[in-house]
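Student: After the structure tokens below, expect a handful of questions from me.
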């Protein structure tokens, strides 16, 4: 598989540098969640739970993306410089977990980390969009694949560092995020398709939604986001539920959490190549259909023997995120050129706002619903996404 070709005369290393910086920066996302089981062994962290830790990051991300969109920072400021600043601040906030802190301080730092991620994930997509006018869906597939691997990385580090302190995992993710941003700043300049935006124009936030094609792509993305982060956050619960239903069959450790989440990385890249033949929308709909089926079948999947269950979860982990770069490509392609960064940031902001609702609904239902049936809650997202992007609207979106 060859990388997408940027504008003529542009260095070959542009996309690899953006991809690595995205991978390194997004490792901050689940760093707190991955080490939470180890943190909870210390009395001072009593009261923390995975839903709250992930929601704190999502809340910070939403506040950050909303602020970026209102100020149109991604269109007014050199994107690489903005990415570097946010990575430095995010790495610092993440490393702030190292001293002994009260649960409230941990949540505040995770929120601050999420705020800084608003200048990493959508801004990384904006940098790519400034280089790739053609083949954007394939370029973004590499970036979202990097996001997936970065999200999964803390689980891998925790698995590899058995016996080491959780602080080592936190420090490693902070150093990696900083290194990726510095590399991007050194190697990548503003892209040839960058269109500097005007000053603060709140009306532009609503103008971008007036185009039917843009609106439908955004709504499809929102359906996808209802499922994505709640699935990622509660993969360990899914694995633990299977182990409880099959005593004596062995358990799935952190390495499996990494594998299931990380499977989405190559799936995003493969989806980018498939989109060249099928189009971004049809590719996204295929992924939505597979993940919707997995949600609906989840009670039955938990009854499968270990190998079959693991294979089903790997497929689910691939499908749950493979549609993300294609929806982002449609959003970027259908937004006004001078508001591309703002449109990506705004849609990302609203999508992540939905993840908090999904996470909190899931967390509340844990007290009332048998774990085997909890993942049915995720099904409305991909099902609505499929309905909102149904076939009669393909022409409008493509």
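No lab work stands behind these numbers, since they all come straight from the coordinates. Here the structure is a predicted model, which is why all the values come from computation and not from measurement. Don't worry about glycine lacking a Cβ; one is built from the backbone with ideal geometry, like all the others, and counts go over all protein chains shown.
Student: Could you sort the peptides 227-236, 122-131 by per-residue average Cβ neighbour count (10 Å cutoff), highest mean leading?
Tutor: Those peptides, ordered most packed to least, come out 122-131, 227-236.
Student: Highest first, please rank the peptides 259-269, 295-305, 277-287 by the mean number of other Cβ atoms sitting within 10 Å of their residues. Walk me through the intermediate numbers first.
Tutor: Details: 259-269: 23.6, 295-305: 16.5, 277-287: 21.4.
Ranked by mean Cβ neighbours within 10 Å, highest first: 259-269, 277-287, 295-305.
Student: Given bins 10 angstrom wide, list per bin the percent of all Cα-Cα distances in the range 276-326, short to long.
Tutor: 27, 46, 21, 6
Student: May I ask you to compute the full-extension gain from residue 101 to residue 390, defined as 0.36 nm times their residue separation minus their alpha-carbon distance, rounded to one decimal in nm?
Tutor: Between residue 101 and residue 390, full extension yields an extra 99.2 nm.
Student: Averaged over every viewing direction, what's the projected area of the C-alpha convex hull for the range 285-354? Give it in nm², one decimal, please.
Tutor: Hull-based average projected area comes out at 5.4 nm².
Student: Okay, moving on. Let's test the formula: R0 of 25 Å, r as the Cβ-Cβ distance of residue 296 and residue 251. What FRET efficiency results, to the nearest 0.05?
Tutor: 0.45
Student: So if I take the centroid of the Cα atoms in the range 135-149 and the same for the range 66-134, what is the distance between those two points in Å?
Tutor: Measuring centre to centre over Cα atoms gives 18 Å.
Student: What would the Debye formula give as log10 I(q)/I(0) at q = 0.09 Å⁻¹ for the alpha-carbon point model of the range 62-193, no solvent?
Tutor: Log-scaled intensity ratios, in q order: -0.29.
Student: Now for a separate question. Within the range 87-103, name every residue whose backbone N is under 15 Å away from a label modeled 7 Å from Cα of residue 46 along the Cβ vector.
Tutor: 102-103
Student: Below 8 Å between Cα atoms, with a sequence gap of 6+, how large is the relative contact order for the range 55-116 in percent?
Tutor: 65 percent
Student: Can you compute the radius of gyration and Dmax for the range 49-96, using only the Cα atoms, both in Å?
Tutor: For the range 49-96, the Cα-based Rg and Dmax read 12.5, 38 Å.
Student: Next up: Looking at the P(r) of the range 236-325, how many percent of alpha-carbon pairs lie beyond 21 Å?
Tutor: That fraction is 34 percent.
Student: When ranked by the protection proxy of mean other Cβ atoms within 10 Å per residue, highest first, what sequence do the peptides 355-363, 101-109, 141-149, 85-93 form?
Tutor: 141-149, 85-93, 355-363, 101-109
Student: How large is the convex hull of the Cα atoms of the chain per residue, expressed in Å³ as a whole number?
Tutor: Once divided by residue count, the hull of the chain is 128 Å³.
Student: How high is the relative contact order of the chain? Use alpha-carbon pairs under 8 Å, at least six apart in sequence, and give a whole percent.
Tutor: 26 percent
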